[in-house]
Amino acid sequence: MSTETPAAEPKTPKLTPAEKHKAESKHLRGSIANVLADDGKKGFPVGDQTILKVHGLYEQTNRDDRKSGAQFMIRIMAPGGKMTSKQWLVLDQLADDHTQNHSIRLTTRQAVQFHTMVKGDLKPLITRVHQALMTSWATCGDVQRNVMASGAPFASPIHNQVQQIADQLSRKLAPQSGAYHEIWLDGQKIDGNTGCPVCVGDTAKNGGNEEPFYGENYLPRKFKVGIGLADDNAVDIFTHDAALIAIPEGGTIKAVNVLAGGGLGMTHRIEETIARLGSTLGSVPVEKAADAIRAIATVYRDNGNRSDRRAARTKYLLESMGVDGFRAAVEKAGNFTFAPALPTGEIKYQDYIGAHAQGDGKFFYGVWIENGRISDVGDFKLRSAMRQITSTIAPRIVLAPNQQLFFADLTAEQVKQIEAALAGHGCATPANLSNARRYAMACVALPTCGLALAESERALPDILTTIEKELAARGLQDERLTIRMTGCPNGCARPYTADLAFVGRKPEVYDIFLGGRIEGTRLAELYLENVAVDDLMAKLAPVFDAWGKERVKGETLGDFYNRKYAGGATRTLINGGKEKQAYLTIFGQPA
Ligand code: SRM
Ligand code: SF4
């Protein structure tokens, strides 16, 4: 008899319930149609809720009034943020006809959200969205999301090309299942020419295979893609699963640098969860840009973790394979070789709020929107202002990657009319905005987000009022700094690239992060944990004091903090894994 220990049974990792739901959903159909047909208030079973996300829908509750039953959020995409005034007016009408809060929310990824719909609103709303050549398909869930692109609408061949690449990327990895059309649009045929940003599915053309790329299981997790220009990094190019930096040469883009493995979502107390800036894999000619992104998605599809959703994003796969290993796998999957990365020049960021020459004799105008929220409240009537501008001037619209939007192709006279419309409706203009408020962002959080641990969008405006006073008291009011807030560590307002961020821990309690850069090239780090909202300013006072007294000319808060403590290192942000003693001492805080 052999004394050898028998070889361990090879273990197949247990798949997450989400994998099962996707696989059993018949390409994202599940029982959605049946639940919809039931005209009661009954919500969707958990399996449907998983796949509904790919349809752009989240079942939520009003967390201010949990007894009020199921309500829904929908996300509508605009690849590269492109939209017409006509489309805006449809959205405006939908806010009245189908939402209870009569509000439109611009997101941090150039998309639009409605909240507070009931089940009966969904089908008519989606039908009208589709008739207006927009879609909610593939805005959420385990697929490629809305592709972001540098938004400032300069009239240059380079900016046009960036937008075209965003469109190409959008279509290249759009899920092809006919489920969306069947369920929401009564089976309208997909002919590929509808003008809808991702209506490309055609099972007949795909040889009867409904999802030639995604298969039954789609991706292990969401897959975020962006294309940016170094001198307009509003898209936060290093925070995407896969990204392109377009390299202009002689007035056109001939090549792109390809990045992978960026991502921000973390979980409190789980130190393995990380925020990470993307790594550069190399460069490819511009014609190969979409293929390179598809090759990254292929490696991710085939190797990403499907047994633990917390470890499933591309960044974890890239960390486990190493950058060289990941690059080699991408080259093999795409049957090409990366050329060395090209110099990008300095990475810069501007919000382009206010009027700017477009480059063709016309102007564009960047509208500042607090936390992306467009509504009419008291004397502040941004929704009405938007309606007036889009129905009278009808400008081209580009949604910006930071919850703002641009009106484009304007005459000087139209710029004046827009300014008058905004001022006349009580809205902010660049002249009456502090820097602290102008560059701030907060995620949605309460009352709709099911994952929120603390307030964000509803809390930041008042916190900023205090911060504005404290900065002014130290002569810091003209410094540019970015302050971001989220209701949990998932990172939806990209807090970890900000100079200063507040990340929700539990009701009225936040972690403070310091040290990021508005240009998106460095992550912040955890400065203080578990600070009560009423103590935030007291904890920041020594930091603002030191910044006020010791900064070198033009040094941002994040750069100052980093010079003082971290020595300018670019780092992966390991959740919670920092010894805090040293930097707390620097700013005179008790450790
Ligand atoms: Fe996000 C989940 C809102 C950008 C990381 N995000 C959610 C959900 C859907 C909550 C949920 O799963 O139940 C939130 C809906 C709240 C609501 O009521 O509207 C939500 N995320 C948002 C938006 C609307 C924030 C905003 O205020 O603008 C942004 C919508 C973007 C879009 O148009 O597609 C939004 N989310 C982001 C970003 C920033 C970005 O992509 O540039 C991130 C960090 C980058 C990243 O993905 O790593 C982000 N959201 C997450 C995560 C963490 C993912 C992770 O890898 O750990 C979750 C949670 C999840 O997926 O399980 C999440
Ligand atoms: Fe919700 Fe958290 Fe995202 Fe804020 S960061 S919207 S609280 S998931």
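The values are calculated or read from the model by the stated rules, or taken from the named source; none is laboratory data. The structure displayed is predicted, hence computed values, not measured ones. Positions of Cβ are backbone-derived with ideal geometry, glycine not excepted, and every protein chain shown enters the neighbour counts. Heavy atoms of the whole protein, side chains included, go into the accessibility calculation; ligands, DNA and RNA do not. Shrake-Rupley method; radii C 1.70, N 1.55, O 1.52, S 1.80 Å.
Quick look at the values:
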{"quantity": "Top-ranked residue of region 555-577 - restricted to ones that are assigned to a loop (DSSP other than H, G, I, E, B) and open to solvent by 60 Å² or more (accessible area, probe 1.4 Å), ranked as modelled with the highest pLDDT", "calculated": "Gly567"}
{"quantity": "Conditions (1) open to solvent by 10 Å² or more (accessible area, probe 1.4 Å); (2) within 19 Å of Asp351 (Cα to Cα); (3) within 11 Å of ligand 2 (Cβ to nearest atom); (4) in a loop (DSSP other than H, G, I, E, B); number of the one not met by Asn490", "calculated": "(2)"}
{"quantity": "Restricting region 450-470 to residues that are within 11 Å of ligand 2 (Cβ to nearest atom) and open to solvent by 50 Å² or more (accessible area, probe 1.4 Å), the residue that is nearest to Glu508 (Cα to Cα)", "calculated": "Glu455"}
{"quantity": "Count of region 428-460 residues which are in contact with a strand residue (DSSP E or B) (Cβ under 8 Å, 6 or more places away or on another chain) and modelled with pLDDT of 95 or more", "calculated": "19"}
{"quantity": "From the options Leu91, Leu15, Leu36, residue that is part of a helix (DSSP H, G or I) and either within 13 Å of ligand 1 (Cβ to nearest atom) or farther than 17 Å from Thr139 by Cα (or both)", "calculated": "Leu36"}
{"quantity": "Top-ranked residue in region 471-487 [being open to solvent by 10 Å² or more (accessible area, probe 1.4 Å) and over 18 Å from the mean Cα position of the chain (by Cα); ranked as nearest to ligand 1 (Cβ to nearest atom)]", "calculated": "Arg480"}
{"quantity": "Residue that is exposed (fewer than 15 other Cβ atoms within 10 Å of the Cβ), at pLDDT 95 or above and of a type in the set (Val, Ile, Thr), where the choices are Thr314, Thr337", "calculated": "Thr337"}
{"quantity": "Of all residues in region 66-98 being more than 17 Å from Val112 (Cα to Cα) and free of Cβ contacts under 8 Å to residues at least 24 places away in the same chain, the one that is surrounded by the fewest Cβ atoms within 10 Å (Cβ to Cβ)", "calculated": "Lys67"}
{"quantity": "Selection from region 436-478 of residues that are in a loop (DSSP other than H, G, I, E, B) and of a type in the set (A, V, I, L, M, F, W, C)", "calculated": "Ala440, Cys443, Val444, Ala445, Leu446, Cys449, Leu451, Ala452, Leu453, Ala454, Ala459, Leu476"}
{"quantity": "Residue within region 438-448 that is within 19 Å of Met537 (Cβ to Cβ), surrounded by fewer than 23 Cβ atoms within 10 Å (Cβ to Cβ) and within 16 Å of ligand 1 (Cβ to nearest atom) present", "calculated": "yes"}
{"quantity": "Evaluation of Val543 against (1) in a strand (DSSP E or B); (2) modelled with pLDDT under 95; (3) open to solvent by less than 10 Å² (accessible area, probe 1.4 Å) (one fails), failing number", "calculated": "(1)"}
{"quantity": "Condition check for Leu433: open to solvent by 10 Å² or more (accessible area, probe 1.4 Å), within 16 Å of ligand 2 (Cβ to nearest atom) and not small (Gly, Ala, Ser)", "calculated": "no"}
{"quantity": "Selection within region 340-388 - under 19 Å from Asn432 (Cβ atoms), in a loop (DSSP other than H, G, I, E, B) and either touching a His at 6+ places or on another chain (Cβ under 6 Å) or hydrophobic (A, V, I, L, M, F, W, C) (or both)", "calculated": "Ile353, Trp368, Ile369"}
{"quantity": "Selected residue (only one of Val162, Val143 is open to solvent by less than 30 Å² (accessible area, probe 1.4 Å), within 20 Å of Asp236 (Cβ to Cβ), at pLDDT 95 or above and not hydroxyl-bearing (Ser, Thr, Tyr))", "calculated": "Val162"}
{"quantity": "Subset tally (residues that are touching a helix residue (DSSP H, G or I) at 6+ places or on another chain (Cβ under 7 Å), open to solvent by 10 Å² or more (accessible area, probe 1.4 Å) and away from ligand 2 (no atom under 16 Å from the Cβ)) for region 393-426", "calculated": "3"}
{"quantity": "Filtered residue count, region 493-538, keeping only those that are in a loop (DSSP other than H, G, I, E, B) and either away from ligand 2 (no atom under 16 Å from the Cβ) or surrounded by 24 or more Cβ atoms within 10 Å (Cβ to Cβ) (or both)", "calculated": "13"}
{"quantity": "Leading residue by the ranking (farthest from Pro17 (Cα to Cα)) among those in region 49-65 that are open to solvent by 10 Å² or more (accessible area, probe 1.4 Å) and away from ligand 2 (no atom under 15 Å from the Cβ)", "calculated": "Asp65"}
{"quantity": "Test set (1) in contact (Cβ under 8 Å) with a residue 24 or more places away in the chain; (2) open to solvent by less than 20 Å² (accessible area, probe 1.4 Å) - Ala155 fails condition number", "calculated": "(2)"}
{"quantity": "Of all residues making up region 403-432, the number that are more than 23 Å from Arg105 (Cβ to Cβ) and assigned to a strand (DSSP E or B)", "calculated": "2"}
{"quantity": "Residues (of a type in the set (D, E, K, R), free of Cβ contacts under 8 Å to residues at least 60 places away in the same chain and out of contact with any strand residue (DSSP E or B) (no Cβ under 7 Å at 6 or more places or on another chain)) located in region 320-371", "calculated": "Asp324, Glu331, Lys332"}
{"quantity": "Residue in region 261-281 that is nearest to Arg309 (Cα to Cα), counting only those that are touching a strand residue (DSSP E or B) at 6+ places or on another chain (Cβ under 9 Å) and of a type in the set (D, E, K, R)", "calculated": "Glu272"}
{"quantity": "Qualifying strands (runs of 3 or more DSSP E) (wholly inside region 207-303; at least 2 residues being open to solvent by less than 10 Å² (accessible area, probe 1.4 Å) and under 16 Å from Arg522 (Cα atoms))", "calculated": "252-260"}
